[in-house]
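Below is one structure, written out as structure tokens; comments come after it.
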Amino acid sequence: MSKSPRPDKQKNASASPARDTATQESYDDKPYPSYPYPLSQAEHVAAIATLLKLKPVPLEKARVLELGCAGGGNLFPTAIKYPQSTCLGIDLSPVQIREAEQHTSAMKLGNIKFEALDIMDLDSSYGTFDYIICHGVFSWVPDFVRERILEICEKNLSPRGIAMITFNTLPGWASLGAVRDMMMRHTRQSQDNAKKIAQAKSLLSLLYKFVPEKANIRSAVVQAMESFNRPNSDSYILHEYLEHNNKPFFFEEFNDALTQHNLQYLGDSVLDKMFTGNLGAEADGLLSQIKDPIKREQYVDFISNRQFRWALVGKQGGQKPGVIDTDSLGSLYFSTHIERVEAKSDPEKGVFVYALPGVGIDYTSLTPVMTAIIETLIAAKKRALSLSDIRDIVSTCGFDDHAMSLFPNTVLLLCFHAVLDVHIAPSCFTTEVSQKPKAFDLARHQASQADCTWVTSLDNKVTAVSADEVAILRQLDGTTPREALGSDLVLESLCAKKLLVG
Ligand SMILES: C[S@@+](CC[C@H](N)C(=O)[O-])C[C@H]1O[C@@H](n2cnc3c(N)ncnc32)[C@H](O)[C@@H]1O
């Protein structure tokens, strides 16, 4: 891992052949809401890579680069949780970078830097990185920037480095693309962003009202309408649907581009998408007959109508993509986010039904060992436990050797079913309010901003907070006694939202 001084920007600017000034102006005019994304955190990439039997560099000493980092919202959690890591975020938009720098100095962070830099200008003098995060950029830039992103991954990834690149995926994105085409057509004569957004919103409302339920495009219209409910929806609509560049790819096209840069597809940041069993036994059987893993992935996208990919990418090295077994479970930690549905469970008959939040379907535990694993993690109050800790607890339930021999495979199956989440480290949030509560520094800083409505939780999620919670959060520096803080209810709520470290 080499660390080099910053290069002379002027020198690089003159060497670059092409510029994407329209994109810079657009993001300067309407900055993107800079959120954390759990799936594009370096620590999550490390966890999935470990499961894939790779040897990712420990975050404690890693160099992390984010390309197109906007206001830094996705990079701050890494810098704060891993103070020995070194983080660099670059973005074309000086307005967004200024925002990121203001947060950095307010939080007095010494291990994170932001630079208003065109991806075209990041060269080998920046050294190598153990993680390169590129979320929401690849599809939204011209071809020459896309090429450069892959060149950066080729030249600036350390030998064990892993990149995470997201892109709009075909065939699923095609229907959303049709909605975008309508919005682009409807707004094409407006130069002003605010006007374009207003026009796009009114068109979407019309489509939502009049496009029949049975029309092919209906679900894409509904999905686009959901953008209205996001915080900062204007900026999202502008950059998601109305930017000049927005190109979806078939997975095989993306993989071809990787190969041309001596890069290799390793797997997916969304663990359950790597398990074809989730598509049903018949589809799984057919897909398993396709021996070429890249081709198989392509057909998975066809069958599942995949719309977006979170691709993990590394240097070529003969690793088969997406190979997961129980060998690497021992160095990972597991948590669950599901809850038991008492009304549907029948403990006497050994039937336990759980709710999978956000998915809207129930999950029925298939075996007693499975139930014991889930119940162990529910009792851990969403904290992540190591495999051996879970095994120790489960083994006290009186299972025989045969039942316990199924334990590792059952853990893996629960991960594939999106019932368990996998982590590279134990949870750093507390589940009990302490005598002198301390909040996650990032959340406390965000709460200190005017009009704060959301903060980042310790599991890297955008977390809505009420005015009362903001007021208390601001005070939680670990020095004020609990009694002096006022509402216990608010403290309990902040704790349940995974915002307290002590
Ligand atoms: C859709 S936003 C995504 C922001 C962030 N990664 C996220 O997921 O929230 C795309 C970002 O890429 C940046 N960007 C686009 N072209 C770029 C380039 N050539 N060099 C650096 N950043 C660029 C934009 O300024 C913008 O902040």
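Coordinate-derived values only; no laboratory data. For clarity, every value in this text was computed on a predicted model and none was experimentally measured. As a convention, Cβ positions derive from the backbone with ideal geometry for all residues, glycine included, and neighbour counts pool all protein chains shown.
Write down the radius of gyration of region 9-149 and its Dmax, each obtained from C-alpha positions, in Å.
14.9, 44
What are the ³J(HN,Hα) couplings of region 331-339, residue after residue, when phi is run through the Karplus curve with 6.51, -1.76, 1.60 and θ = phi - 60°? Round to Hz, x for glycine and proline.
9, 10, 10, 9, 9, 10, 10, 8, 10
Plugging the Kirkwood radius over Cα pairs into Stokes-Einstein for the chain, at a temperature of 4 °C and a viscosity of 1.567 mPa s, what D comes out in µm²/s?
For the chosen part, D equals 53 µm²/s.
Based only on other Cβ atoms within 10 Å, what is the fewest-to-most ordering of His402, His135?
Ordered by Cβ neighbours within 10 Å, fewest first: His402, His135.
Near the amide H of Phe308, under 5 Å away, which other amide H atoms are found, from residues 5 or more places off or on another chain, if H is placed in the peptide plane?
When sequence neighbours closer than 5 places are left aside, the close amide H contacts are Thr169.
If neighbour count is taken as other Cβ atoms inside 10 Å, put Cys415, Cys397, Cys87 in order from fewest to most.
Cys397, Cys415, Cys87
Per DSSP H run of n ≥ 4, the term is -39500 (n - 2.57); total these for the chain, divide by its residue number, and report the mean residue ellipticity at 222 nm rounded to 500 deg cm²/dmol.
That calculation yields -11500 deg cm²/dmol at 222 nm.
If amide hydrogens are placed 1.01 Å from N in the peptide plane, which non-local residues have theirs closer than 5 Å to the one on Lys113?
When sequence neighbours closer than 5 places are left aside, the close amide H contacts are Cys87, Leu88, Gly89.
With charges only on Cβ, +1 for K and R and -1 for D and E, what is the dipole size of the chain about its Cα centre, in debye, rounded to 20?
Here the chain has a charge dipole of around 680 debye.
Compute the distance from the alpha-carbon center of region 469-484 to that of region 381-450, in whole Å.
Result: 26 Å between the Cα centres.
What percent do you get for the relative contact order of the chain when only Cα pairs under 8 Å and 6+ apart count?
Once divided by the residue count of the chain, the mean separation gives 15 percent.
Mind checking the dipole of region 137-243: about its Cα centre, +1 per Lys or Arg Cβ, -1 per Asp or Glu Cβ, Debye to the nearest 20?
Details: 14 positive and 11 negative charges, 53 e Å.
About 260 debye.
Could I have the simple spin-label model distance between Thr479 and Lys214, label points 7 Å from Cα toward Cβ, reported in nm to one decimal?
Result: 6.9 nm between the two label points.
With only alpha-carbon pairs counted, each pair once and no self-pairs, how large is the Kirkwood hydrodynamic radius of region 326-423 in angstroms?
When all Cα pairs of region 326-423 are included, the Kirkwood radius is 13.5 Å.
Between Ser227 and Val323, with labels modelled 7 Å along Cα→Cβ, what's the label distance in nm to one decimal, could you check?
Taking the simple label geometry, Ser227 and Val323 are separated by 4.1 nm.
Per 5 Å bin, what is the whole-percent P(r) computed from every C-alpha pair distance within region 321-367?
Histogramming region 321-367 at 5 Å steps yields 5, 17, 20, 15, 14, 18, 9, 2, 0 percent.
Exposure proxy check: Glu339, Glu469, Glu101 ranked by fewest other beta carbons within 10 Å?
Fewest to most other Cβ atoms nearby, the residues stand as Glu339, Glu101, Glu469.
For a quick protection proxy, order the peptides 302-309, 341-348 by their average other-Cβ count within 10 Å, most packed first.
Details: 302-309: 17.4, 341-348: 10.6.
By packing density, highest mean first, the sequence is 302-309, 341-348.
Starting from the amide H of Gly502, placed 1.01 Å from N in the peptide plane, find each other amide H under 5 Å away whose residue is 5 or more places distant or on another chain.
Thr430, Lys438
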